[in-house]
Amino acid sequence: MISHITFPWASKRPGRRAILVALAALLLIRVILMIWLPITDSTEARYAEIARKMVETGDWITPQFDYGVPFWGKPPLHSWVAALGMALFGVGAFGARLFILAAALGVLALLFGWAKRDHGSTVAMAATAICGSGVMFFGAAAFVMTDMVMCAGTTLSMVAFYRCAQGDRSIWGYLFFIGLGIGLLAKGPTAAVLTALPILLWVAATARWRALAALPWAGGVLLTLLLTLPWYISAELKTPGFLRYFLIGEHIERFLVPGWSGDLYGSGHFEPKGRIWVFGAAAFLPWSLAALPLIARPRRLLNGGGQDSYLVCWMLGPLILFTPAANILPAYCLPGLPAAALLLVISWNRVFGLDNRVTALAFGAGLVSAIGAFSLVTALAVLTPDTLRLRSMKVLVDTARHHDLQITFHSFGLRSFSAEFYTAGAVRQLPNPPNLHELSANNRRDAVLSLAQNAPAAGAALGPQFQLEMTTSRFALFLEKDNKP
């Protein structure tokens, strides 16, 4: 049993209350942003629109990139949870994001429970607050994408494996394989690798190979297969070719082929190899700054025994995996952040101690800076949303519908998933140049959406029968003059 660590400055009732207030403030701010911020292009809007189509069509097997066009890029778990939220609470940002937020809270609950068991409730609260206030975790906590749902699975597996390795084999062994199933349904084999890599690094570095025998392999593998195979088989039978594209294209060629051109749904996110380490440092802000003095003392940092080394392997696993990758996103760091939060707290205690004013001020400054930054974004989103330069068509769609509820939407020079989401899939792309006769003959008033930088070209192509109604920092709205019968 690992000895408990306490924060003398936080063990008193006022200190505990301050951490609870910070956690409550973070949750409140995130809920406000979840409701108030519109669905934004392109990643979030794409996945939200896929989920909306799932609700509309009733097809819960094959996610659809467009009507009748299968989306083979990711498994459907994130689409299922977003679609379920919209089926229960209506199509919109709240419904789409609600169960993504629930997944994030699940990650924090796992972190809190594990840290409390080994170190006490105060350390657990501090680690939870640090994880939840990191810029990447906070942003992803209610953002419609695959990564937070996958992170819930990998966190469950990582916590469960360590519990099994420590002798607690009651149910944790099977929870490890349930976590694998969640990851495989959220993002595919990448989730399994993100779990296996740090575990294998740890057992190899610490010569704890017997820990692998603690898992119920026969029953656990069967449980994972029962959770995942029905969908994978159904998806391949329904849309042949899915498995080849998903397993080879998305999991090998995407990461090893610079500028991979096989992406059916967009373009690769090319970054210099090794950039994931920069993303990792940025993702953990403001707390990565607090880690700098610890990194300068690696011997003292790593002398805490098995759990410390386990956390290091877990934290570094995503960074090591994606170091040679050519196509990466900052969110790929997300699975390692819970480990980074707990490691920071217990390592800081070992190196600098916690019973001092400097530690209290550093912890408080980190939380205040994070809450302050997130509060500022919230205030801007509520009061002057265009200052955030959001890539969302919501305000333009709402403006057009204010003029005419039956208006027909078109896009000029772009495909906007947020426009599709907020028009319930009704927006159509115009050819360039547009067919003005077709627009004038449809007996309905038309709205045309374009990039703000393309507004002069769109206005010239549309002619005098359309007027520029509004522009935001990114987009422009043209309305047809209301002279149709």
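Scanning segment 168-211 for residues that are over 16 Å from Ser309 (Cα atoms), without any contact (Cβ under 8 Å) to a residue 12 or more places away in the chain and not charged (D, E, K, R) turns up Ser170, Ile171. Could you go through segment 322-345 and let me know if any residue there is modelled with pLDDT under 80, in the same structural domain as Val135 (by TED's automatic domain parsing) and in a helix (DSSP H, G or I). Looking for residues that are modelled with pLDDT under 80, in the same structural domain as Val135 (by TED's automatic domain parsing) and in a helix (DSSP H, G or I), one finds none in segment 322-345, hence no. Looking at segment 147-164 only, could you name the residues that are crowded, with 24+ Cβ neighbours inside 10 Å and more than 14 Å from Pro338 (Cβ to Cβ)? Within segment 147-164, just Val149 meets the criteria.
Of all the residues in segment 388-412, those that are free of Cβ contacts under 8 Å to residues at least 60 places away in the same chain and either assigned to a helix (DSSP H, G or I) or within 27 Å of the chain's Cα centre (by Cα) (or both) number 5.
Checked against (1) aliphatic (A, V, I, L, M); (2) assigned to a helix (DSSP H, G or I); (3) not assigned by TED's automatic domain parsing to the domain that holds Ala18, Leu380 meets all criteria but (3).
Note on segment 271-310: residues that are modelled with pLDDT of 70 or more and either hydrophobic (A, V, I, L, M, F, W, C) or part of a loop (DSSP other than H, G, I, E, B) (or both) amount to 24.
Looking at (1) under 26 Å from Ser234 (Cα atoms); (2) assigned to a loop (DSSP other than H, G, I, E, B); (3) among the aliphatic types (A, V, I, L, M), can you tell me which one Ile39 breaks? Condition not satisfied by Ile39: (1). Residue check: Phe138 meets all listed conditions (1) within 18 Å of Ala331 (Cβ to Cβ); (2) at pLDDT below 95; (3) part of a helix (DSSP H, G or I) but one, namely (2).
When you look at Tyr67, is it buried (at least 24 other Cβ atoms within 10 Å of the Cβ), touching a residue at least 24 places away in the same chain (Cβ under 8 Å), touching a Ser or Thr at 6+ places or on another chain (Cβ under 8 Å) and aromatic (Phe, Trp, Tyr), yes or no? The answer is no for Tyr67. Within segment 465-485, the set of residues being out of contact with any helix residue (DSSP H, G or I) (no Cβ under 8 Å at 6 or more places or on another chain) and modelled with pLDDT of 90 or more comprises Gln467 only.
Screening Val312, Val358, Val351 for residues that are among the hydrophobic types (A, V, I, L, M, F, W, C), farther than 21 Å from Val135 by Cα, touching a Pro at 6+ places or on another chain (Cβ under 9 Å) and not assigned by TED's automatic domain parsing to the domain that holds Ala476 leaves exactly one candidate, Val351.
The values are calculated or read from the model by the stated rules, or taken from the named source; none is laboratory data. For clarity, every value in this text was computed on a predicted model and none was experimentally measured. When we count neighbours, we look across all protein chains shown, and the Cβ atoms used for this are built from the backbone with ideal geometry, even at glycine.
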